[in-house]
1. Given bins 5 angstrom wide, list per bin the percent of all Cα-Cα distances in the range 288-405, short to long.
2. Averaged over all directions, how much area does the convex hull of the C-alpha atoms of the range 366-426 cover when projected, in nm²?
3. With each run of n ≥ 4 DSSP H residues scored as -39500 (n - 2.57), what mean residue ellipticity at 222 nm is computed for the chain after dividing by its residue count and rounding to the nearest 500 deg cm²/dmol?
4. Which of the trypsin sites (Lys or Arg not before Pro) found in the range 193-301 are in a DSSP loop and have at most 12 neighbouring Cβ atoms, other than their own, within 10 Å?
5. If you wrap a convex hull around the Cα atoms of the chain, how much volume per residue is inside, in Å³?
6. Past the 28 angstrom mark, what percentage of all C-alpha to C-alpha distances in the range 199-336 do you count?
7. For a test of the definition: using alpha carbon positions, the gyration tensor, and the 1.5 limit on a/c, classify the range 339-388 as rounded, prolate or oblate.
8. Charges only on Cβ, +1 for Lys and Arg, -1 for Asp and Glu: so what's the dipole of the range 199-352 about the Cα centre, in debye to the nearest 20?
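Just so it is clear, none of the values below were taken in a lab; they were calculated from the coordinates. Note that the coordinates shown come from a computational prediction; the quantities given were computed from them, not determined experimentally. Reconstructed Cβ throughout: ideal geometry from the backbone, glycine too, with neighbour counts over all protein chains shown.
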Amino acid sequence: MNTTISPRDAQWREELRKAMPAKERTSIPRCSMPQLQADYRVTNNEEVNLGLSQEQAVTEATRCLDCPDPQCVTGCPVGINIPGFIKNIERGEFGQAAEVLRETSALPAVCGRVCPQERQCESKCIYNRMKKAPVAIGYLERFAADAANAAAKGETSVAAGPAPDAVKVAVVGSGPAGLSFAGAMARLGYKVHVFEALHEIGGVLKYGIPEFRLPNSVVDVEIDSLRAQGVEFMPNCVIGKTLGYDDLMEMGFRGVFVGSGAGLPRFMGIPGENFVGVMSSNEYLTRVNLMGAGRPGWATPVIKGRRVAVIGGGNTAMDSCRTARRMGAEEVYIVYRRGEEEMPARVEEVLHAKEEGVRFLTLHNPVEYLGDEQGRVRAMRLQRMELGEPDASGRRSPVPVEGDIVEMPVDEVIVSVGVSPNPLIPNSIEGLEVTRRGTLVVNDETLETTLPLLFAGGDIVRGGATVILAMGDGRHAAEAMHRRLAEDIK
Ligand SMILES: Cc1cc2nc3c(=O)[nH]c(=O)nc-3n(C[C@H](O)[C@H](O)[C@H](O)COP(=O)(O)OP(=O)(O)OC[C@H]3O[C@@H](n4cnc5c(N)ncnc54)[C@H](O)[C@@H]3O)c2cc1C
């Protein structure tokens, strides 16, 4: 955690504190995020949240009490210096605020948009103890990052780039884990090459999370900044197929970081999953987000259901149901086996889905899909559930209500019940230890796998997790690989 304050910063922070007493600060109401109207936004892919104005951001930052022992920092998986960046916003130093964020977060404009702050930093804010709404840390993070990017006016500062004889390292996968690792290693002077299986760089940030929640342009700013630091990207290159691990060794890479994610969709194994019209959210979102399905003139098609059911209650399920609305579906249902309180999705996504007309059918679980004579899905049979005792996840477990099954007509089903690590890397590199869940075994401290100088992080190690955790892994693995390479080179 990085909350050390220099004497100069301590002085201006003390001055801010004196300028407005805590009582006055706590009487300011939490800001709301300006957003597009629901009936307009379902007709297009424009970003729904519009971002805070300068005035809103400074007022919201003024609510922060600059606690002597800031608990919000303990709620952030990578320990961002939250009061540090917020107090810079309060005094109008937006660029400085972004710099504080960059000390720990490679992608603040992304995290400000997609982190589940209500379960992390904001849940620890002192305002909760006063029964008041916490400081809008996520909105402020987005504001600072966007303000810095706007000030740069698309210009990426050209860094020196690696020396001609710089040590070469390879990255497998260009999601948040790989990008964060690449940035940290480039700053340490390494020549970094990122190999990506898909034609686009960005991992789930591009192929999974839709444009209306995270515009590609926001991710591209970060990728361009890595390019300016000398990082090279090789799209359309599947490690384990196009090139093997041995090829990477022969090409002179001294260390390799695997951030290949968890892109293998899970199904429930119930009858009827092979009917036309039943697909994983991974396939659905990739077709729409990355392959232009639904746009006139694009080659990749996708079924456009009229009555669509999305099975699951996570962020992926919310992205899928909201995408289905934008693809023209008239009736879209979230079908989830537990209650709404147990849903893992971000609260804002649930709210936005409801505003956009998605209906929530909780405590129901599909047990069979029924097809028509052409093999297309036409209905599903749903088992009604009730909540039992908490399970290993701490949430109340879903228990079937014996004999209570209902039938519901649908013409498209998007299955969003979790993902597993892609087995290609674990299977194609000899000597890599893998857990029963298919994730890579790494040293907890260094993130080095069972092969020397092969590190891994993000979803390939954690299973489906979050952007900020993947980014944190990338940064930690870079620090550890740097230390290992220094020992190796001695
Ligand atoms: C639809 C969706 C919505 C989400 N919403 C949120 C959210 O709101 N907030 C949040 O915090 N998290 C969210 N998540 C989870 C989050 O996106 C992931 O935890 C995070 O992206 C993991 O990062 P990663 O770098 O480990 O992997 P990924 O982002 O999955 O990137 C892995 C990359 O590796 C590439 N790759 C795989 N195998 C190979 C190979 N053999 N050779 C070369 N390249 C390879 C893949 O093509 C991919 O581009 C969401 C996930 C999904 C699917």
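1. Histogramming the range 288-405 at 5 Å steps yields 2, 11, 18, 19, 19, 15, 8, 5, 2, 1, 0 percent.
2. Details: hull surface 27.8 nm².
For the range 366-426, averaging the hull's shadow over all directions gives 6.9 nm².
3. On the way: 20 runs with 181 residues, N = 490.
Value at 222 nm, helices only: -10500 deg cm²/dmol.
4. Numbers: sites: 206, 213, 227, 241, 254, 266, 287; in loops: 213, 241, 254, 266.
Counting only loop positions with at most 12 other Cβ atoms within 10 Å, the trypsin sites (Lys or Arg not before Pro) in the range 193-301 are 241.
5. Values: hull volume 82.3 nm³, N = 490.
Cα-based convex hull of the chain, divided per residue, equals 168 Å³.
6. 31
7. Details: a/c = 3.52, a/b = 1.59, b/c = 2.22.
It comes out oblate by the Cα gyration axes.
8. Working: 17 positive and 19 negative charges, 108 e Å.
Rounded to the nearest 20 debye, it is 520 debye.
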